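First comes the structure, then the notes that go with it.
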Amino acid sequence: MPLPRTPSFRLDGKRALVTGGSRGIGLGCAVALAEAGAHVIVAARSAAQVQATVDEMAQAGFSAEALVLDVTDIAAVQAAVAELAPIDILVNSAGLARHSPALETTPEDFDAVAAINIKAAYFLAQTVARQMVGRGGSIIQISSQMAHVGGIDRAVYCGTKHAVEGMTKAMAIEWGPEQIRVNTICPTFILTELTKPTFDDPEKREWIASKIKLPRVGQVEDIMGACLFLASDASALVTGTSLLVDGGWTAG
């Protein structure tokens, strides 16, 4: 009887769209997919930033192109995806956080966070899935450990990320027959340019360290392997679930 063989992590011939791909976690995901052989479309709102990212990726020998895109503009998303098709992999790393005590949440902050974290994520997935019908593909939402627990001053953020988990499960059920897999990655606090002010606050850094069971904070590289796994054939039977990359935060 022949030995089983590990499914390939390679993505040669695949086309991937990564939103929020010019920095932080999104950039890490874009590089991980490109390293595995995918052609990566890096999308972000800043033309200068996304072009600089793609230029650097090209210098490293990767296949990439830039796309200036505001994911809250549903019509623009639909037009861009129609032009870019076929897309085999979607990584939605675009997101927003505005933290405040729940008693002080403003309607403006609620709407801004929900518009990106829920509405834009929903319709981006829907738009890409429509052109995956008949071909299959992998849709990956960058969610958060806060989609599984609560957090002080994070009622709105937690609410939006819990919503992402719910819609991911429902989409996975509906689109499974089309071989479209839908999953989330749920990182803990990852040290990036955007989170640096949090890590620079001694009280907040101590709180983070007390929650993470491993003796270090998260790095962008910690998310790259998770993204590659969910994008590749190595996760061919994985859908409708969350990959928690949280250093044990949600374990208790």
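The values are calculated or read from the model by the stated rules, or taken from the named source; none is laboratory data. Everything numeric here is computed off the predicted structure, so don't read it as measured data. Methodologically, a virtual Cβ is constructed for each residue, glycine included, from the backbone with ideal geometry; neighbour enumeration extends over all protein chains shown.
Checked against (1) charged (D, E, K, R); (2) in a helix (DSSP H, G or I); (3) in contact with a Phe, Trp or Tyr (Cβ under 8 Å, 6 or more places away or on another chain); (4) at pLDDT 90 or above, residue 205 passes all but a single condition, namely (4). Beta carbons closer than 7 Å, at least 6 apart along the sequence or on distinct chains, pair a first residue in region 153-179 that is under 15 Å from residue 92 (Cβ atoms) and in contact (Cβ under 8 Å) with a residue 24 or more places away in the chain with a second that is aromatic (Phe, Trp, Tyr) and in a helix (DSSP H, G or I) for 167/122. Pull up region 81-103, narrow it to residues that are under 14 Å from residue 16 (Cβ atoms) and of a type in the set (Gly, Ala, Ser), then point me to the one that is surrounded by the fewest Cβ atoms within 10 Å (Cβ to Cβ). Within region 81-103, the match that is surrounded by the fewest Cβ atoms within 10 Å (Cβ to Cβ) is 85. If we scan region 226-249, do we find a residue that is at pLDDT below 95, closer than 30 Å to residue 37 by Cα and either among the polar types (S, T, N, Q) or crowded, with 17+ Cβ neighbours inside 10 Å (or both)? Scanning region 226-249 turns up no residue that is at pLDDT below 95, closer than 30 Å to residue 37 by Cα and either among the polar types (S, T, N, Q) or crowded, with 17+ Cβ neighbours inside 10 Å (or both).
When restricted to residues that are under 30 Å from residue 233 (Cβ atoms), among the hydrophobic types (A, V, I, L, M, F, W, C) and outside any helix (DSSP H, G or I), region 158-202 contains 5. For region 197-219, the criterion of being in contact (Cβ under 8 Å) with a residue 40 or more places away in the chain, exposed (fewer than 15 other Cβ atoms within 10 Å of the Cβ) and in contact with a helix residue (DSSP H, G or I) (Cβ under 7 Å, 6 or more places away or on another chain) is satisfied by no residue at all. Might you check whether a residue that is in contact with a helix residue (DSSP H, G or I) (Cβ under 9 Å, 6 or more places away or on another chain), at pLDDT 95 or above and over 28 Å from residue 42 (Cα atoms) occurs anywhere in region 102-116? Within region 102-116 (the criterion being in contact with a helix residue (DSSP H, G or I) (Cβ under 9 Å, 6 or more places away or on another chain), at pLDDT 95 or above and over 28 Å from residue 42 (Cα atoms)), the answer is yes, since at least one residue qualifies.
Yes/no matrix, rows are residues, columns are (1) in contact with a Ser or Thr (Cβ under 7 Å, 6 or more places away or on another chain); (2) over 25 Å from residue 246 (Cβ atoms):
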residue: 117; (1), (2): yes, no
residue: 120; (1), (2): yes, no
residue: 134; (1), (2): no, yes
residue: 141; (1), (2): yes, no
residue: 149; (1), (2): yes, no
residue: 159; (1), (2): no, no
residue: 167; (1), (2): no, no
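The condition of being β-branched (Val, Ile, Thr), within 20 Å of residue 18 (Cβ to Cβ) and out of contact with any Leu (no Cβ under 6 Å at 6 or more places or on another chain) holds for only one of 185, 180, 173, 152, that being 180. Among residues of region 107-122 that are under 24 Å from residue 139 (Cβ atoms), those with a beta-carbon under 8 Å from a residue that is of a type in the set (Ser, Thr, Tyr) and part of a helix (DSSP H, G or I) at least six positions away or on a different chain give the pairs 113/157; 113/160; 114/160; 117/157; 117/160; 118/160. Residue-level analysis places residue 74 outside the set of residues that are crowded, with 18+ Cβ neighbours inside 10 Å and either in contact (Cβ under 8 Å) with a residue 12 or more places away in the chain or of a type in the set (Gly, Ala, Ser) (or both). Scanning region 117-156 for residues that are touching an Asp or Glu at 6+ places or on another chain (Cβ under 6 Å) and assigned to a helix (DSSP H, G or I), which turns out farthest from residue 29 (Cα to Cα)? Among residues in region 117-156 that are touching an Asp or Glu at 6+ places or on another chain (Cβ under 6 Å) and assigned to a helix (DSSP H, G or I), the one farthest from residue 29 (Cα to Cα) is 147. Among residues of region 1-40 being within 15 Å of residue 139 (Cα to Cα) and surrounded by fewer than 24 Cβ atoms within 10 Å (Cβ to Cβ), the one that is nearest to the chain's Cα centre (by Cα) is 15. The set of residues in region 41-66 that are buried (at least 16 other Cβ atoms within 10 Å of the Cβ) and among the aliphatic types (A, V, I, L, M) comprises 41, 42, 43, 44, 50, 54, 57, 64, 66.
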